[in-house]
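Trainee: Quick one: structure below, then a few questions.
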Amino acid sequence: MRLPIYLDYMSTTPVDSAVRDEMLRYLTHEGHFGNPSSRTHIYGWYAEQAIKLATQRLAKLIEADERTIIWTSGATESINLALKGCAWAYFRQGNHLITAETEHSAVLQTCRYLERNGYEVTYLKPRLNGLIDLEQLRLAIKPETILVSVAHVNNEIGVIEDIAAIGQIVQQHGILLHVDAAQSLDKLNINLQTLPVDLMSFSGHKVYAPKGIGALYIRTHLQSALVPLIHGGKQQHGIRSGTLPTHQIASMGVACQLISQNMKQEQSRIRQLRDQLWEQLQSLEGIHLNGSLTERVVNNLNVSISGVDGESLLLSLKDLALSSGSSCNSANTAPSHVLRAIGRDINLANSTLRISLGRLTTQKDIDYAGQLLIDKITQLRKMSPLWSYTSDV
Amino acid sequence: MLYNKYNHVQYYFEDTRHIGRLTEPSQTIYISRAGIPENGEVIEISLAVKDLSIINAKFLAQASPTVVASCAWLTNHLIGQNVDQLGQITVQQIIQALSLPDHQYHNACLAYQAVQRLILEIEKDGDKKCLA
């Protein structure tokens, strides 16, 4: 067992060794280091072939046509391209977008940018279980609405949105739907043949590929309309210019292949460990699960703990690597916007742990983590003048 | 990470020697609280005093690591001192003891506030002057 135990897989994942091996094949002189846009020699052809294979692997995983995949530097860029690209492309049709208060900063901050540039954004307040109220979504749609953006899986509380139902409403009104799937690619079956989704963002480092690679699925009919963010050598049909990073793309392709092969067994193993940890934590009073337990990815627990200070709890848990909310906001001591949106009071929001399991989490890790959590929470409560004081401190 | 090699917060945060509440009926005990329960941040310091000397000190805290560390340092520092030395405790002293950065000034204030309330309690009780 390696301490601290890594339980922050929703923040990032380690690169799988098979993914690393693939990546190394495209870096050095001995490997296929060529520019995939070089059509005049074999170095370029090999690189192009690697890109094609990786694209096929991702396309197969999400049941989409390979021509719909655009490689980016990560989910943040994909989201920016989807939202700004559509907003700029369709500004004659309307200037209104809809998203949720619980979205990732990449969506929220892009929306804020669009607001400063003449667009109007409606932020849907989620229900207490963290999920969007479909009736509220229906009511928020206006004639000027051009796009709805929702996360497939919330990055803090792990709840799963019903994309099919949202897509149906959006489609009825002739609006575009963008789905942030950064957290769901390796956890949920995604079938873009049947899901009414127009754009979907993916991240490599959440699925055991390296940081700095991501993708955007763009439905074919949208591709000519979308306004690019990055202009240059017209790679990827001019939608996202820039020399393709063969090693990054090839590695994400292998990561996708591993997901296709192992998702079912892996998710079932992780669910067992997560459920065991949740059961253990429930032996304590004052533990509140944030978000729906049923509509939730199998690797996430997000719990607010009464009677402890969140920062003190994290410092006590030095043997565990976990976060108090979204790691993208961990430098920010303000309470999580997601927890506030689902109605948690500030004190509970401030004493929250996001525990996320992954491919390398073992039974021993969970046994150790469960006991440590119980011990440290009990210890901190014993020193709290607010929690029922026991004289045996 | 907020707690690093440049300050002593983690050291004192993990020092559990003085955690608790003094209750021995044979001793004169003074207790003070500071903080705002509604904000989830409260500390309590209790002192056992004999012949104007602080013979024991304990604390309870539901607060950030810096506040917990302030209480741990303070209780350790107070044991063996005379009550009239309580008035000499300053916020700056706590900040220096923990090597706190400027932006954590307010955290040291909470422990200081508890000391000021202890002084009032002691003065009220025995007409003793704690301010040096």
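Read-outs throughout are calculated quantities, based only on the coordinates presented, and are distinct from any laboratory measurement. None of these values were measured; they are calculated from a predicted model. Neighbour counts are summed over all protein chains in view; Cβ atoms, including those assigned to glycine, are modelled from backbone coordinates with ideal geometry.
Trainee: So A:Ile259 clears everything in (1) farther than 21 Å from A:Lys60 by Cβ; (2) among the β-branched types (Val, Ile, Thr); (3) within 21 Å of the chain's Cα centre (by Cα) except one condition, right? Which one?
Mentor: (1)
Trainee: Name the one entry in A:Leu53, A:Leu81, A:Leu108 that is of a type in the set (A, V, I, L, M) and buried (at least 23 other Cβ atoms within 10 Å of the Cβ).
Mentor: A:Leu81
Trainee: Taking segment A:146-172, which residues are farther than 19 Å from A:Met200 by Cβ and either of a type in the set (Val, Ile, Thr) or in contact (Cβ under 8 Å) with a residue 12 or more places away in the chain (or both)?
Mentor: Answer for segment A:146-172, where residues must be farther than 19 Å from A:Met200 by Cβ and either of a type in the set (Val, Ile, Thr) or in contact (Cβ under 8 Å) with a residue 12 or more places away in the chain (or both): A:Glu156, A:Ile157.
Trainee: Can you list residue pairs whose Cβ atoms sit under 7 Å apart, with the first residue in segment B:92-113 being at positive phi and the second being surrounded by fewer than 23 Cβ atoms within 10 Å (Cβ to Cβ)? Count only pairs 6 or more apart in sequence or on different chains.
Mentor: The qualifying pairs are B:Ser99/B:Tyr6; B:Ser99/B:Asn7; B:Ser99/B:His8.
Trainee: Which one of the conditions (1) within 13 Å of chain A (Cβ to nearest Cβ); (2) touching a strand residue (DSSP E or B) at 6+ places or on another chain (Cβ under 7 Å); (3) at negative phi does B:Ile55 fail to meet, given that it meets all the rest?
Mentor: Condition not satisfied by B:Ile55: (1).
Trainee: Among the residues of segment A:197-231, write down those that are under 16 Å from A:Ser184 (Cα atoms) and not in a loop (DSSP other than H, G, I, E, B).
Mentor: Correct list: A:Leu199, A:Met200, A:Ser201, A:Phe202, A:Ser203, A:Gly214, A:Ala215, A:Leu216, A:Tyr217.
Trainee: Only residues that are more than 14 Å from chain B (Cβ to nearest Cβ) and part of a strand (DSSP E or B): list them for segment A:289-319, please.
Mentor: A:Leu289, A:Arg296, A:Asn300, A:Leu301, A:Asn302, A:Val303 - these are the residues of segment A:289-319 that are more than 14 Å from chain B (Cβ to nearest Cβ) and part of a strand (DSSP E or B).
Trainee: If only one of B:Val49, B:Val42 is in a strand (DSSP E or B), farther than 14 Å from B:Tyr12 by Cα and away from chain A (no Cβ under 14 Å), which one is it? Can you show your working first?
Mentor: Working: B:Val42 fails: away from chain A (no Cβ under 14 Å).
It is B:Val49.
Trainee: Also: What residue, among those in segment A:170-192 that are out of contact with any Leu (no Cβ under 6 Å at 6 or more places or on another chain) and not in a loop (DSSP other than H, G, I, E, B), is farthest from A:Lys264 (Cα to Cα)?
Mentor: The selected residue is A:Gln172.
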